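Down below is the structure, laid out as structure tokens.
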Amino acid sequence: MPEAAESGCAPQPATARIRCARCGGTPTTAPRGRWWCPSCGSYLILDVDSSGWVSHAELDHRQRMAHNRRVVAVSARLAAAHLPEVRSLLPDGWSAATSQAISGATHTIAISPPVGAVDVSAYLSPPACDGEGGWSVRIHNRTQGVGFPLYTAGGAHAATYSTVLDAAAAAITALRCEIAE
Ligand SMILES: [Zn+2]
């Protein structure tokens, strides 16, 4: 993928205008039309988002961070959009709200039964990408200090649910088991 910025018909920018984003140094030309920063000891590639010339490792890092930000943003949107559906399914006295465990984490829909002897919630995680994967459910029993995902019937894999209502129904069933103990 890094090769993409090097191919095509666009002329290479003049050397004088290229600066290594890390050290500010001027790169030298290298075979196959690439740029080499002697100070950093790395080839440079154009980060089109920032218009900066960075190493392949730095570009990989930036793209991973950008991907993570997109995943978190999608999760926030999906959790907020599907909260009313989840609420429509809740028994009397139960509550649901969007939740983010820590800053930078993906957003979930938290379902909690009425306050009782057992302090337990279920967290519904949206699909990681639009239209791909499914919803997953994690139970957190604070009274017992345990957390676990809901598994498929065979128990080999964490279960995914194609709709938020399926996930909410499974979460409610699991929570009822937790508070009945
Ligand atoms: Zn450099």
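So for the stretch 144-159 (the condition being modelled with pLDDT of 95 or more and touching a Phe, Trp or Tyr at 6+ places or on another chain (Cβ under 7 Å)), does at least one residue qualify?
Within the stretch 144-159, none of the residues are modelled with pLDDT of 95 or more and touching a Phe, Trp or Tyr at 6+ places or on another chain (Cβ under 7 Å).
Here is a yes/no grid of residues against (1) in contact (Cβ under 8 Å) with a residue 12 or more places away in the chain; (2) under 21 Å from the mean Cα position of the chain (by Cα); (3) buried (at least 19 other Cβ atoms within 10 Å of the Cβ):
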site: His67; (1), (2), (3): no, yes, no
site: Arg70; (1), (2), (3): no, yes, no
site: Leu90; (1), (2), (3): yes, no, no
site: Ile109; (1), (2), (3): yes, yes, yes
site: Val120; (1), (2), (3): yes, no, yes
site: Leu124; (1), (2), (3): yes, yes, yes
site: Gly134; (1), (2), (3): yes, yes, no
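Residue check: is Val86 at pLDDT below 95, surrounded by 12 or more Cβ atoms within 10 Å (Cβ to Cβ) and either under 21 Å from the mean Cα position of the chain (by Cα) or under 27 Å from Thr163 (Cβ atoms) (or both)?
no
Might you let me know whether the stretch 49-68 holds any residue that is of a type outside the set (Gly, Ala, Ser), closer than 18 Å to Ala171 by Cα and touching a Pro at 6+ places or on another chain (Cβ under 7 Å)?
Scanning the stretch 49-68, I find no residue that is of a type outside the set (Gly, Ala, Ser), closer than 18 Å to Ala171 by Cα and touching a Pro at 6+ places or on another chain (Cβ under 7 Å), so the answer is no.
Hey, could you check the stretch 1-53 for residues that are under 24 Å from Arg64 (Cβ atoms), of a type in the set (D, E, K, R) and surrounded by fewer than 12 Cβ atoms within 10 Å (Cβ to Cβ) and say which is modelled with the highest pLDDT?
Ranking the candidates gives Asp49 first.
The values are calculated or read from the model by the stated rules, or taken from the named source; none is laboratory data. The shown structure was predicted, so the numbers you read here are calculated from the model rather than taken from an experiment. Using ideal geometry, Cβ is built from the backbone for each residue, glycine included, and neighbour counts are taken over all protein chains shown.
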